[in-house]
Amino acid sequence: MAYKIVQKRDECIGCGACASVCPDNWEMKGDKSFPKQEQVDDIGCNQQAADVCPVQCIKIEEA
Ligand code: SF4
């Protein structure tokens, strides 16, 4: 199963929580976070990143 990582980046408040719980696929650049890969075969820690986001701007979809 492949997954698409969708981030509404304009809503990101740059708290760093996603990069903290999921450094494998999330990194901070300036005052926003970015996924290193937007499509992954293994969901890995991306669900935790979505769950921890205080503004719920990360969604995981089946690709
Ligand atoms: S957890 Fe959400 S608000 Fe915080 S940096 Fe990540 S995407 Fe942005």
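Could you give every pair whose Cβ atoms fall below 8 Å, whose first residue belongs to the stretch 11-23 and is at pLDDT 95 or above and more than 6 Å from the ligand (Cβ to nearest atom), and whose second residue is of a type in the set (Asp, Glu) and not in a helix (DSSP H, G or I), counting only separations of at least 6 or pairs across chains? Close Cβ pairs (under 8 Å, with a partner that is of a type in the set (Asp, Glu) and not in a helix (DSSP H, G or I)) amount to Ala19/Glu27. Residues in the stretch 24-46 that are aromatic (Phe, Trp, Tyr) and touching a residue at least 24 places away in the same chain (Cβ under 8 Å): Phe34 only. Ala49 meets the stated requirement of being touching a residue at least 12 places away in the same chain (Cβ under 8 Å) and in contact with a strand residue (DSSP E or B) (Cβ under 6 Å, 6 or more places away or on another chain).
Tallying residues that are within 11 Å of the ligand (Cβ to nearest atom) and closer than 22 Å to Ala63 by Cα within the stretch 28-45 yields 3.
The values are calculated or read from the model by the stated rules, or taken from the named source; none is laboratory data. Source: prediction; values computed, not measured. Don't worry about glycine lacking a Cβ; one is built from the backbone with ideal geometry, like all the others, and counts go over all protein chains shown.
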